[in-house]
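Just below is one structure, and these are the notes that go with it.
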Amino acid sequence: MSDQRRKIIIDCDPGHDDAVAIMLAARNPKLELLGITTVRGNQTLEKVTRNALNICQYLNIDVPVCKGLGEGIVRMSPPVEERVHGDSGLDGPVFAPLTKELDPRHAVDFIVETVMASDTPVTLVPTGPLSNIAMAIKKEPKILEKIEEIVLMGGAYQHGNVTPAAEFNIYADAEAAYVVFTCGRPVVMMGLDLTRQALCYPEVVERMSKVKTTAGKLFVDLMHFFCMTQKRVFGWAGGPLHDPTTIAYLIDPSCIETKEMYTEIDITGGPSHGRTNCDYFNLRTDVPKNSKVAVKLDVDKFWDIVEDNLKLYDAI
Ligand code: RIB
Ligand code: CA
């Protein structure tokens with residue numbers, strides 16, 4: 001019987017929450033993780049790439065890891081987010097010496113080659129700045145007809161987190177986001193409005209500490225650091241676990257309510273630069289709705305999905 005799993009590529013900047021997204025995707029029976037590509041965001045390109053390799057090595061995830069862009073496609077990238085993710089970009093866990101090797105292909109080439117070679121459509125899951133995705137679309141527009149959906153973490157129709165107007169992933173490369181939101185393929189946007197409902201309180205960490213697998217341990221080691229910094233920087237009692245909401249949506253879309261909207265990216269370089277202007281009240285009737293914007297999370301279902309998928313890894 002042909003493989004019915006949904007093919008995905010995760011493009012990320014690990015990043016504690018990116019790491020949990022990878023954990024949820026790699027062993028889930030509904031998904032086929034074709035590869036992981038990295039982009040500068042939470043930390044430098046070198047650091048997020050090393051983190052992606054360490055995550056795969058520790059969890060025995062045998063997929064290609066390809067390095068991508070280290071800067072935005074037009075503007076210089078903003079400072080890395082070490083207040084939240086630490087100097088390594090994945091502070092907290094201690095990894096064994098790294099032996100997993102980087103795939104020699106550039107992330108953009110990997111995305112183009114993999115999508116074009118696939119016999120069925122591929123879903124792109126960006127959880128960092130959209131530089132690699134935009135470059136892949138520009139390098140080979142033919143991939144668009146083979147992209148099922150772009151399910152991304154980024155944006156906000158309410159309050160930003162890197163400026164009052166903008167969320168980090170979009171702000172970090174707003175021009176790339178403009179390319180993605182105007183490419184014509186369906187965009188499912190897990191913005192801060194949604195991800196700030198996925199708060200990893202201490203009792204969630206306690207619950208996952210009972211999952212005696214490699215992924216359970218890694219989750220706890222990651223969250224101890226991530227929740228400490230989120231409290232210190234933003235005053236959050238529980239850290240918002242942004243990126244895994246993309247994978248939870250793919251595993252069980254009933255856990256997230258979305259609303260179709262026209263979304264436009266502000267690339268004017270002003271005080272709202274990098275904002276996702278989402279037409280929540282459908283005021284713009286002259287343009288097609290280009291995005292499904294996540295509005296409500298079934299929190300209990302979300303944490304059940306997290307726990308169920310941490311259990312799929314090797315016992316410790
Ligand atoms: O704004 C939150 C997003 O920025 C998350 O994807 C986090 O990992 C960082 O990339
Ligand atoms: Ca991220």
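With the highest mean first, a sort of the peptides 14-27, 267-280 on other beta-carbon atoms found within 10 angstrom per residue produces 14-27, 267-280. In terms of its Cα atoms, region 253-316 spans 53, 26, 16 Å along the principal axes, sorted from long to short.
Charge tally around ARG75: other residues with Cβ under 9 Å, Lys/Arg +1 each, Asp/Glu -1 each, net -3.
Any of LYS210/LYS301; LYS67/LYS100; LYS100/LYS210; LYS100/LYS217 with alpha carbons more than 22 Å apart? Name them for me.
Working: LYS210/LYS301 18 Å; LYS67/LYS100 14 Å; LYS100/LYS210 28 Å; LYS100/LYS217 20 Å.
Beyond 22 Å: LYS100/LYS210.
Take the Kirkwood radius over Cα pairs of region 172-300, plug it into Stokes-Einstein at 25 °C and 0.890 mPa s, and you get 149 µm²/s for translational diffusion. Over all other residues within a Cβ to Cβ distance under 14 Å of GLU145, the charged ones net out to -1, with Lys and Arg as +1 and Asp and Glu as -1.
Neighbours of LYS289 by Cβ distance under 12 Å: Lys/Arg scored +1, Asp/Glu scored -1, total -1.
Eigen-decomposition of the gyration tensor built on the alpha-carbon atoms of region 197-251 gives equivalent ellipsoid semi-axes of 18, 16, 9 angstrom, largest listed first. In summary, the aspartates and glutamates within cross-link reach of LYS212, defined as a Cα separation below 17 angstrom excluding same-chain residues under 8 places away, comprise GLU203, ASP221, ASP304, GLU307, ASP308, ASP314. Residue ranges 101-108, 228-235, 291-298 sort as 291-298, 101-108, 228-235 when ordered by packing (mean number of other C-beta atoms within 10 Å per residue, highest first).
When both region 241-255 and region 82-105 are represented by their alpha-carbon centers, they are found 24 Å apart. Based on the reciprocal of the average 1/r between different C-alpha atoms, the Kirkwood radius for region 119-159 equals 11.3 Å. Overall dimensions of the chain, expressed as equivalent-ellipsoid semi-axes from the Cα gyration tensor (√(5λ), whole Å, largest first), are 27, 22, 20. Listed values for region 276-291 are Karplus-derived 3J(HN,Hα) couplings in whole Hz (6.51 cos²θ - 1.76 cosθ + 1.60, θ = phi - 60°), namely 8, 7, 8, 7, 4, 9, 6, 7, 8, 8, 8, 10, x, 6, 9, 8, and x replaces Gly and Pro. Each residue, ASP62 and TYR280, gets one label point 7 Å from its Cα in the Cβ direction; the gap between the two is 4.8 nm.
Please give the FRET efficiency for ASP298 paired with MET228, using the beta carbon to beta carbon distance and R0 = 22 Å, rounded to the nearest 0.05. After rounding, the FRET efficiency stands at 0.25. Binning all Cα-Cα separations of region 126-194 at 5 Å, short to long from zero, yields these whole-percent fractions: 4, 18, 29, 25, 14, 7, 3, 0. In the elastic network of the chain, a GNM with C-alpha springs shorter than 10 Å, the most mobile of MET76, MET190, MET223 is MET76.
Where a number appears in this text, it was derived from the coordinates with a stated rule and is not lab data. Note that the structure is predicted; figures quoted are calculated from it, not measured. Positions of Cβ are backbone-derived with ideal geometry, glycine not excepted, and every protein chain shown enters the neighbour counts.
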